[in-house]
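Right, one structure below, let's go through it.
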Amino acid sequence: MSCFDHVLVVDWSANSTPKLGADSIWIGSAGAAQAPPQNLPTRMAAMDALRARCDAALQAEERVLVAFDIGFGYPRGFAPHLTGRAEALAVWDWLAARIRDDARNRNNRFEVAAEINRRFPGLGPFWGRPAGRDLPDLPEKGRLRHGHDLAELRQTEALCSGAHPMWKLYTTGSVGSQSLLGQAHLAALRAEYGTQLAVWPMQPPDAPLVLAETYLSLLDPAVQAHAARYPCKDAAQVDLLARAFCKTDMAPLLAPPAPPDILREEGWILGAGAASALLTAIDLA
């Protein structure tokens with residue numbers, strides 16, 4: 001069974017205006033504080049809700065896993081080139097110092113991505129932006145990139161069918177924008193909670209609060225089977241995955257088959273390669 005009292009699964013969003021419903025932020029809850037999926041209109045509201053849940057758990061001396069549907073790291077070589085350290089968490093701090101994201105979801109993610117691209121040879125690695133944005137260092141199409149010398153996918157993404165590269169910032173399936181904004185917000189959370197919070201797999205998952213990266217499409221068969229019970233696909237995904245993590249033996253999932261240097265720099269997707277076990281564990285009672 002899970003070693004956590006609570007499991008929260010967050011479907012993050014890079015929307016530039018407040019939004020509810022499909023393609024917005026949803027939080028699924030399972031365990032001691034199981035509740036229907038919660039829909040939040042902005043990233044600030046979502047982070048406030050997560051802080052409230054974490055504070056309540058700490059007060060009750062309970063453990064919480066918070067799994068985010070964003071990338072926690074980038075392909076090997078990115079972090080040391082950008083920050084001088086081969087560590088994903090160094091990238092988080094770098095982004096936190098530059099990302100601006102206000103209470104109405106207005107943000108500068110495309111400008112920050114263009115700044116990053118200027119620090120690499122050639123053109124790239126990031127790509128994708130709205131038409132008309134004057135950012136010559138951020139190409140509209142991935143095929144326009146050249147010479148940045150970085151892989152498209154991380155090791156963990158090879159285990160997750162359909163995973164999109166972290167470099168893609170715009171249009172369908174773009175996890176890159178959510179990740180830039182999410183990593184900056186989570187860096188702030190780390191600073192606030194200190195040793196009470198750990199980021200897996202970069203740090204041992206033995207703190208009261210543990211953050212992890214996950215991939216909502218792990219449970220697509222169950223989501224399709226039970227979609228009618230939920231207001232939208234996003235709500236089904238976060239609820240079902242939270243329930244699955246809560247009912248699963250987490251020890252194997254928290255011991256990924258990769259060397260420490262890869263885990264520290266690229267991160268890992270919680271549940272990668274374990275979709276069958278997670279599907280078996282789902283309890284809809």
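Based on this model, can you work out whether LEU89 counts as under 27 Å from THR171 (Cα atoms) and either surrounded by fewer than 16 Cβ atoms within 10 Å (Cβ to Cβ) or not assigned by TED's automatic domain parsing to the domain that holds LYS247 (or both)? Considered against the rule, which asks whether it is under 27 Å from THR171 (Cα atoms) and either surrounded by fewer than 16 Cβ atoms within 10 Å (Cβ to Cβ) or not assigned by TED's automatic domain parsing to the domain that holds LYS247 (or both), LEU89 comes out as yes.
Among residues of segment 61-85 that are under 19 Å from THR195 (Cβ atoms), those with a Cβ under 6 angstrom from a residue that is surrounded by fewer than 21 Cβ atoms within 10 Å (Cβ to Cβ), sequence gap 6+ or separate chain, pair up as GLU62/ASP5; ARG63/ASP5; ARG63/PRO208. Taking segment 191-249 as the range and being over 21 Å from ALA90 (Cα atoms), in contact (Cβ under 8 Å) with a residue 60 or more places away in the chain and of a type in the set (D, E, K, R) as the test, the residues that pass are LYS233, ASP234, ASP239, ARG243, LYS247, ASP249. Screening LEU180 with (1) among the hydrophobic types (A, V, I, L, M, F, W, C); (2) in contact (Cβ under 8 Å) with a residue 40 or more places away in the chain; (3) under 23 Å from LEU58 (Cα atoms) gives one miss only, at (3).
Residue count for segment 162-200 satisfying the condition of being of a type in the set (Val, Ile, Thr) and part of a strand (DSSP E or B): 1. Among helices (runs of 4 or more DSSP H) entirely within segment 201-285, having at least 1 residues that are assigned by TED's automatic domain parsing to the domain that holds CYS54 and modelled with pLDDT under 95 singles out 220-226, 233-247, 250-253, 275-281.
The one condition from (1) outside the structural domain of ASP102 (by TED's automatic domain parsing); (2) small (Gly, Ala, Ser); (3) on the phi < 0 side of the Ramachandran plot; (4) surrounded by fewer than 15 Cβ atoms within 10 Å (Cβ to Cβ) that ALA131 does not meet is (1). For segment 27-38, filtering for residues that are in contact with a Phe, Trp or Tyr (Cβ under 9 Å, 6 or more places away or on another chain), crowded, with 21+ Cβ neighbours inside 10 Å and on the phi < 0 side of the Ramachandran plot leaves 2. Taken as a whole, the structure leaves ALA158 outside the set of residues that are in contact with a helix residue (DSSP H, G or I) (Cβ under 9 Å, 6 or more places away or on another chain) and either at pLDDT below 95 or of a type in the set (Gly, Ala, Ser) (or both). Residue count for segment 140-161 satisfying the condition of being assigned to a loop (DSSP other than H, G, I, E, B) and either of a type in the set (Asp, Glu) or over 17 Å from GLY173 (Cα atoms) (or both): 9.
In this structure, ARG243 qualifies as in contact with an Asp or Glu (Cβ under 7 Å, 6 or more places away or on another chain) and basic (Lys, Arg).
Of all residue pairs spaced 6 or more apart or on separate chains, those with beta-carbon atoms under 7 Å, a first member in segment 20-47 that is free of Cβ contacts under 8 Å to residues at least 60 places away in the same chain and farther than 12 Å from ALA103 by Cα and a second member that is of a type in the set (Gly, Ala, Ser) and assigned to a loop (DSSP other than H, G, I, E, B) are ILE25/SER13.
Picking from residues in segment 46-65 that are small (Gly, Ala, Ser) and more than 17 Å from the chain's Cα centre (by Cα), the one that is surrounded by the most Cβ atoms within 10 Å (Cβ to Cβ) is ALA57.
The values are calculated or read from the model by the stated rules, or taken from the named source; none is laboratory data. Keep in mind it's a predicted model, so treat the numbers as computed, not measured. Virtual Cβ from ideal backbone geometry, glycine too; neighbours counted across all protein chains shown.
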